[in-house]
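Worksheet: the structure to be examined is printed underneath.
The values are calculated or read from the model by the stated rules, or taken from the named source; none is laboratory data. Computed from a prediction, not measured in an experiment: that's the story for all the values here. Neighbour counts run over all protein chains shown; Cβ positions are idealised from the backbone, glycine included. Protein only, heavy atoms only, side chains kept; ligands, DNA and RNA dropped before computing areas. Shrake-Rupley method; radii C 1.70, N 1.55, O 1.52, S 1.80 Å.
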Amino acid sequence: MKKIYAITLFSIMLLSCSLNMLLPGGNSTPVPTDTNTPTELPSLTPTVPTLTFTPTPPLVGVRTHTLTPTITPTSTQPTETSIFLVTPDTPTPGVEMKGFVSVNISSKEFFKGAECQPTSVKFVAQVADSAGTAFVVLFVRFKSKQTGTNSEWTSIGMSTIGAGTFTYELTPEEMIGVDSFENPWVQYQFVATNADANEIGRTGIFSERLSLLECVPTPSPSPSPEPTVLRP
């Protein structure tokens, strides 16, 4: 019985508390209201960097390059005609070239006397058998342009410069009968031999191709005498 009474009393107390909470003005604990105060966002002010221009410093000097053209040195050729550049003295029909490839002369005329140039003529002969040729002999003589008379032959040994080429520079004083002819032709012929002096080549006679001329110096004009001026 007491147990029932205690339960009934507890129920009444619980109901009383519930009614108190439901009635206005009751001692109910107010529910806090959430007040959301918006936080002010910071204003975004773009920071524009200030462009600083550094003035270009003025040029105080410019190194200029002056191009100097390359000057090719001009070589001065000697007055003497190169033996490899002279025009070959091509034989006329009937002039034999047995054992020889070519014959050259440096000039078509030369002079007797030192006052006129040239005073010599160079002969160049190239043989066909360079290995078998040991010597080349040059034969020269005069032929009169007026009468056709010939002098005796003068024989001269030529010098070799290799590759079957032989040369000799002739002066008038070397020839037999130089004082007996005036402005004559100089005829020439070449003979090649081996080491045993056996003939292995011979040209025909080159005639009326080379002249020996008398040197007649041109006199220098004498200065005119000054006229005599007569004064009172």
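The residues of segment 175-213 that are outside any loop (DSSP other than H, G, I, E, B), of a type outside the set (Ser, Thr, Tyr) and open to solvent by 50 Å² or more (accessible area, probe 1.4 Å), listed by number, are Asp179, Trp185, Glu199, Ile200, Arg202. Considering segment 149-163, the residues that are in a loop (DSSP other than H, G, I, E, B) and touching a Lys or Arg at 6+ places or on another chain (Cβ under 9 Å) include one that is least open to solvent (accessible area, probe 1.4 Å), namely Ser151. All of (1) assigned to a strand (DSSP E or B); (2) among the basic types (Lys, Arg); (3) more than 37 Å from the chain's Cα centre (by Cα) hold for Lys145 with one exception: (1).
Return yes or no: is Thr203 modelled with pLDDT under 95 and farther than 16 Å from Gln146 by Cα?
Criteria not met by Thr203.
Which residue, of Phe110, Phe166, is over 15 Å from Ser211 (Cα atoms), surrounded by 14 or more Cβ atoms within 10 Å (Cβ to Cβ) and under 41 Å from the mean Cα position of the chain (by Cα)? Only one candidate qualifies: Phe166. Every test in (1) among the β-branched types (Val, Ile, Thr); (2) at pLDDT 50 or above; (3) open to solvent by 90 Å² or more (accessible area, probe 1.4 Å) is passed by Thr72 save one, and that test is (2). Residue count for segment 114-148, restricted to those that are open to solvent by 50 Å² or more (accessible area, probe 1.4 Å) and either among the aliphatic types (A, V, I, L, M) or touching a residue at least 24 places away in the same chain (Cβ under 8 Å) (or both): 10.
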